[in-house]
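Let me begin by presenting the structure, written as structure tokens, before commenting on it.
Read-outs: derived from the displayed coordinates by stated rules, not from any lab. This is a predicted model, so every value here is computed, not measured. We place every Cβ from the backbone using ideal geometry, glycine too, and count neighbours over all the protein chains shown.
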Amino acid sequence: MDQITQRIHDSFARQSLMATFGASLASVTQGAVTIRAPILPLALQQAGFGHGGLVFSLGDSAAGYSALSMLPPDQEVVTAEMKINFLGPAKGDELIARGKIIRNGRRLVVVTAEVSARTGEIETLIAIAQGTMVPAPT
């Protein structure tokens with residue numbers, strides 16, 4: 001495992017919210033991170049779909065880790081703002097959040113995430129998020 005991948009895995013392991021959701025890192029490359037999570041009973045909304053907070057959290061984390069993958073070891077990343085468009089309900093077996101960098105600046109990193117719901121082999125895009133991450137000293 002290279003240093004970037006190890007750094008992302010170590011940081012992800014410290015996120016108790018991701019552990020609560022049963023989330024895992026599916027892939028880590030420079031500038032792109034994918035997170036998967038089952039749709040568990042603890043994260044459902046009143047109609048039985050995955051809660052929007054689950055969808056948002058996975059998208060925010062995937063996008064944030066894509067930014068972190070490009071930063072030097074003495075910097076961490078925090079979300080300055082994030083917007084999400086929900087396109088459909090979070091229903092299925094699991095959610096897959098794919099984060100990537102749009103623009104990597106010195107002070108601001110613009111990121112995006114696409115979140116899909118998967119049932120069997122079928123994936124449906126259910127949300128698109130865009131945000132700004134801020135590098136911060138560790």
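Values for this structure:
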item: At R0 = 41 Å, FRET efficiency that the Cβ-Cβ distance of Q15 and E121 yields, to 0.05; result: 0.90
item: The chain: most fluctuating residue of Q75, Q30, Q46 per GNM, C-alpha cutoff 10 Å; result: Q46
item: Extended-chain gain in nm, criterion 0.36 nm per residue less alpha-carbon gap, Q75 and V110; result: 11.0 nm
item: Relative contact order computed over the chain (Cα-Cα under 8 Å; 6+ residues apart), in percent; result: 24 percent
item: Cα-projected label distance for L44 with L87, points at 7 Å along beta-carbon direction, nm; result: 2.5 nm
item: Förster-model FRET efficiency, 25 Å R0, H51 and A136, C-beta, rounded to 0.05; result: 0.30
item: The chain, dipole about Cα centre (Lys/Arg Cβ +1, Asp/Glu Cβ -1), debye to the nearest 20; result: 280 debye
item: 10 Å Cβ shell holding at most 10 others, DSSP loop, trypsin sites (Lys or Arg not before Pro): longest site-free stretch of the chain; result: 15-105
